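See below for the structure under consideration.
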Protein chains: 4
Amino acid sequence: MRIGVLTGGGDCPGLNAVIRAIVRKGVDTHGHEFVGFKYGWAGVLNNDTMPLTRDSTRGILHRGGTILGSSRTNVYKVEDGLNKVKAAMETQGLDALIPIGGEDTLGVAGKLHEDGIPVVGVPKTIDNDLNATDFTFGFQTAVQIATDAIDRLHTTAESHNRVLVCEVMGRHAGWLAVYSGMAGGADVVLIPERPFDIDEVCDHLKRRHANGATFSIVVVAEGATPKDGGLLTQHQTTDSFGHVRLGGIGIILEKEIEEKTGFESRTTILGHIQRGGTPLAFDRVLGSRFGVAAVDAISEGDYGKMVALRGTRIERVPLAEAIAEPKLVDADLYETAEVFFG
Amino acid sequence: MRIGVLTGGGDCPGLNAVIRAIVRKGVDTHGHEFVGFKYGWAGVLNNDTMPLTRDSTRGILHRGGTILGSSRTNVYKVEDGLNKVKAAMETQGLDALIPIGGEDTLGVAGKLHEDGIPVVGVPKTIDNDLNATDFTFGFQTAVQIATDAIDRLHTTAESHNRVLVCEVMGRHAGWLAVYSGMAGGADVVLIPERPFDIDEVCDHLKRRHANGATFSIVVVAEGATPKDGGLLTQHQTTDSFGHVRLGGIGIILEKEIEEKTGFESRTTILGHIQRGGTPLAFDRVLGSRFGVAAVDAISEGDYGKMVALRGTRIERVPLAEAIAEPKLVDADLYETAEVFFG
Amino acid sequence: MRIGVLTGGGDCPGLNAVIRAIVRKGVDTHGHEFVGFKYGWAGVLNNDTMPLTRDSTRGILHRGGTILGSSRTNVYKVEDGLNKVKAAMETQGLDALIPIGGEDTLGVAGKLHEDGIPVVGVPKTIDNDLNATDFTFGFQTAVQIATDAIDRLHTTAESHNRVLVCEVMGRHAGWLAVYSGMAGGADVVLIPERPFDIDEVCDHLKRRHANGATFSIVVVAEGATPKDGGLLTQHQTTDSFGHVRLGGIGIILEKEIEEKTGFESRTTILGHIQRGGTPLAFDRVLGSRFGVAAVDAISEGDYGKMVALRGTRIERVPLAEAIAEPKLVDADLYETAEVFFG
Amino acid sequence: MRIGVLTGGGDCPGLNAVIRAIVRKGVDTHGHEFVGFKYGWAGVLNNDTMPLTRDSTRGILHRGGTILGSSRTNVYKVEDGLNKVKAAMETQGLDALIPIGGEDTLGVAGKLHEDGIPVVGVPKTIDNDLNATDFTFGFQTAVQIATDAIDRLHTTAESHNRVLVCEVMGRHAGWLAVYSGMAGGADVVLIPERPFDIDEVCDHLKRRHANGATFSIVVVAEGATPKDGGLLTQHQTTDSFGHVRLGGIGIILEKEIEEKTGFESRTTILGHIQRGGTPLAFDRVLGSRFGVAAVDAISEGDYGKMVALRGTRIERVPLAEAIAEPKLVDADLYETAEVFFG
């Protein structure tokens, strides 16, 4: 078989492990050939390719980013997108596609499958918010980066009454904030699933410090929002470009906490460092297993599936299942996390 | 309730996370009191204790080792051991015990349960060879340490025809070698489950280098053994103390490979650094969840159980199930790992 | 002798190494006794102390922060400060003081020396802006943390035309930005010593991308300022509390670059993680050597001095020399750094 | 000018930073062209080259190893070596050479200079044993790797009376052992400069444990030797290949200590992981500065020199000075280190 591979959406440590595994297993065991499309679906639409061989995928296992590049292009939002995909596959002589990506990329994959294109997907989300798989690669690396940062914050609070705010990723789901908050021993964790009341947060902090705490660490997901929307609006209007972006909520919290509690407050915004750099061993192993499983599925003609981690096993699930709805922080885990707040 | 806590066996990153979680949840939610026994079962037998309170378990989440100390003492190998345990519990006014440990410690726990002592166990094994749980805390940290080492070895092989041997833990099971070998991109992985033929290993290395490889990395579990027992005996006799110990097989491989292939060979023996230091976030979260789950189980009087990770959930399983037999590297995983060797 | 020790100013990895070394050398070699003042000069003024013995300083070598706590209290800005210091020394039966700190703390130390108090200082500045010493402990750790962050940013720029801004510490001097920018391979480095023109910065970025670069990394010291003060004022007015604080310049750059170049721009603000956590070996060795040298100086009655690194040797310099003026980024180093920009 | 560049001897983190800096500064400022010789002097003798341009040296700053490869070939030990070098330079049209290496490589460079070849050297030694420069790149990275290992060992000693031996590099000089031993808080540090008495070492350990220590950490340089040569011979005879190699002394110590003290003893042999992987920021900056300085020197025709770090400045020193004799651990530093042993 001749198979096209592409990576879509934001960066995620472990992407290169997936690509290498697909090629290694595909070439050695199945005798396939591979074509890499550059910059996600954009490369398919523009017929922008690079060779994917054992040689071109050597030495990339531990490297962050993706050798294929990425983009947020959506085939079905482009005029005549489906036909362009078909044309690209014909030009390249492809039998099937393996797209690696998140909700959007897999959504396109699902539609392509319905439209008759042979496809097997590999799930990717730094936020851990994809259904149908226990974890995806990259998430544990991001959790570790955030935890390392929180660990460092812990030792810089020898002065009295300081509050350190650490803003982490998580637009729609707070997995990263909850995991790193638990691992780092945070005192407050704010997530998109549970809008917060700024006065309650500040009261909690004041109570902690009244009871002897000399510092507090607040972990906030970038997508966390106050119950009182006015709070955002108030800070939002101060932005001359008219929109709150990455980095917004951490700075807002810093200012509000400092004003309402009188405690000195400082913010760390981790930003893109959470998406980059060497993946943890966990994510390299998971990515490698996903890659092997995806090329095995495609070799068996088991199309329209996505590979998924279930317990310790890699399984195949329908693409449709994965993108049905986002996976939010589960109530049990949050309840356990709460034991350690305050 | 008043509950005794102890840690037995070798060190494992995440032990302190478990202890802290037990106390935090036990005190705040259930109103329990805790007594820490020092140096595992030895502390129970000698009535050697330390207080376990919110204060004494503060700031230990990220610390390696165990604040309780550990030992390999086995209650049932000590004269009148059971009665000494009963006496200690009476002296300390305890209602139940939470032992945290591996096969031995949990084996004792299982027998104590049969002998009527209220007990809930927390599984701990750096080697990942305990049944009934997907993972235990500490394993991912050890995998990461070994992977970091292998990553470093990769860049030191610019000269021609060098073989680097990295000896990792794993007396009876090769989980750590397989995971770190996959994550680090090793070319040969030798594990206890699969006795190796030294000539096959050397032929494989010679073939690799004949095909253009300039270096090879061999990951070997400390418990890996050659098919030809004579090989060990031959090197064994060279030991003036009459026994092969930690570090043995790596050095033997280095010498045999150098002699049989003519390639310069060097060994790294990671030894106890795999057991020490700051636990990864993964292991802190898992340890914290185990601790909370264990104290919940004991509060419900659900004795004779061990907490376990199943998929993404923490469940309770009978102690007997956990210690039935060691969990060896599963055939599927090894087959996936093999895709990347050579 | 009986000697008081205190740490003042912001946190700096390596402080505990200094404290441990003072005590270890002082007790073992000289037979001194030590008293630790808590929270810097505040502890001296309030007679707030803790014992400093071999036991109380054991196991702290690798720990960030300071076991003594810190503050920004200035003796000479407190009414009757000098007499309070004298009183505290009498109450505690002290023969001398070893203050560990930056410009402010050492400034107080210098005046106390002039006022007849026996004192030897240890220099501390995370920003590396103290004269009379080649380096202080903590700086290399901060450089490494920033470099690790920049390394991670490098792999997250696979999409077209992205600009990543990384704000690092450095209010008055750009040492940290220059070192981490050089080590991380930044494309633009903005420092307080050289006010920047936002249009020049944006033109430089546009030229880079026109010449084939797909991403750029901008490292900015928190104290860097635009030539056009109006730029700050414009963004300043958007702050409802009326002041620009830590984190300000990075966000401003992100917005301006995005508007002026059209390239997607994202900011990482490292904040206090640069001050915290385990010190690098370099800083532990330097801190240990400083501590030993300080207690040796005080034992010889060589007061009014500060210990300093000169080449590979620890020397003693007059306190006055250290605080004469801040050490700015040297022109030679900046010129070398510039080779790699763009 | 057209300039040849080569790297000789063992790997050292920071080599790629030097190469990149030479090319960047040479091309941008001086308009030079560069040829890379592969595998050290071997590439010169065999005319084995690769292009060195801005493009081929992009993205290598943070990578361990050397893109040029290395070897231990010595021009003057090869028949007609000098003429072969001259021939290679003529073939490649070279005006000068920049060899990057240690004692051997720079020794060749010195002789080539005497024989009329225009050459400027860059010092490289992971062991820090080259004279005429305060430090070389790679050393701090190796110190950090060893320190991280010792840190991990510290937390794995909760059981009674355990001795952990950590063998680090250092054949002729103990810099790495002393620095990492100081930074890691080792209890015994054995270096080549000071032959040890195994009975004294064991007595020291017994005394420590009699005084309450529960564990001890022994750092030993691979080149440390016992005063009693018979000790080595005794263990040497146990080697079926007739020679003691890397890893030898650590295992010998483990066995002797266990036998003579009765304390459980375990060894970690770091081996080549000390030479590999991402260089610290310190070493990247130093390597970059060395590269810039070397190409500046060659552009000025200041041949026969080596670049060197003196305090915070990069200077030029005669090649002859650098290789006169190895730089051994200085007495002052060792005395400071000794404060913390035991």
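Quick notes on this structure:
- The protein assembly as shown shape via C-alpha gyration tensor axes, a/c threshold 1.5: rounded
- Computed from label points 7 Å out along Cα-Cβ, the spacing between C:TYR76 and A:ARG171 is 5.5 nm.
- Relative contact order [Cα under 8 Å, 6+ residues apart], region D:103-162, whole percent: 20 percent
- Burial order of peptide ranges D:14-25, A:99-110, C:28-39 (average beta-carbon count within 10 Å, highest first): D:14-25, A:99-110, C:28-39
- Average other protein chain Cβ within 10 Å of Cβ, residues A:140-150: 5
- For the residues of A:3-12, the average number of beta carbons from a partner chain within 10 Å of their own beta carbon is 1.
- Contact order for chain C, expressed relative to its length and based on alpha carbon pairs under 8 Å spaced 6+ residues apart, stands at 24 percent.
- Sequentially through region C:277-292, phi angles give Karplus couplings (6.51, -1.76, 1.60; θ = phi - 60°) of x, 4, x, 4, 3, 3, 6, 5, 5, 5, x, 5, 5, 4, x, 4 Hz, Gly and Pro residues having no value and appearing as x.
- Cβ neighbours within 10 Å from other chains - mean over D:182-192: 3
- Each Lys or Arg adds one and each Asp or Glu takes one away; over the other residues whose Cβ falls under 12 Å from the Cβ of D:ALA132, this sums to -2.
- Mean Cα-pair separation over length for region A:1-108, i.e. relative contact order, pairs under 8 Å, 6 or more apart, %: 41 percent
- Hypothetical label at B:ASP330: residues of region A:294-309 whose amide nitrogen lies under 12 Å (7 Å Cα-Cβ projection): A:309
- For region D:92-136, the fraction of alpha-carbon pairs lying more than 13 Å apart is 54 percent, rounded to a whole number.
- The charge dipole of region C:91-241, taken about its Cα centre with unit charges on the Cβ of Lys, Arg, Asp and Glu (plus for the first two, minus for the last two), comes to roughly 420 debye.
- The HN-Hα couplings worked out from phi for region D:197-202 by the Karplus form 6.51 cos²θ - 1.76 cosθ + 1.60 (θ = phi - 60°) are 9, 4, 5, 5, 4, 5 Hz, whole numbers, x standing for Gly and Pro.
- Global form of chain A, assessed from the alpha-carbon gyration tensor, a/c cut-off 1.5: prolate
- Shape call, region D:303-342: gyration tensor on alpha carbons, a/c limit 1.5: oblate
- Exposure of B:ARG313 as accessible area (Å², to 10), given a probe of 1.4 Å and all protein chains: 100 Å²
- Alpha carbon convex hull of region B:1-65, projected area averaged over orientations, nm²: 4.1 nm²
- Distance between the modelled labels on A:ARG207 and D:THR53, one decimal in nanometres: 6.7 nm (7 Å Cα→Cβ projection).
- Backbone geometry of region A:213-222 corresponds, through the Karplus equation with coefficients 6.51, -1.76 and 1.60 at θ = phi - 60°, to 3J(HN,Hα) couplings of 5, 9, 7, 9, 10, 10, 9, 10, 6, 4 Hz, x marking Gly and Pro.
- Residue-averaged 222 nm ellipticity for chain B, from DSSP H runs of 4+ at -39500 (n - 2.57), nearest 500: -12000 deg cm²/dmol
- Whichever aspartates and glutamates have a C-alpha closer than 12 Å to that of A:LYS327, once near sequence neighbours (fewer than 8 apart) are set aside: A:GLU103, A:ASP127, A:ASP129, A:ASP134, A:GLU193
The values are calculated or read from the model by the stated rules, or taken from the named source; none is laboratory data. Predicted model, so just to flag it, every value in this text is computed and none were measured. Methodologically, a virtual Cβ is constructed for each residue, glycine included, from the backbone with ideal geometry; neighbour enumeration extends over all protein chains shown. To get the accessible areas, we keep the full protein, side chains included, count just its heavy atoms, and leave off ligands, DNA and RNA. Shrake-Rupley method; radii C 1.70, N 1.55, O 1.52, S 1.80 Å.
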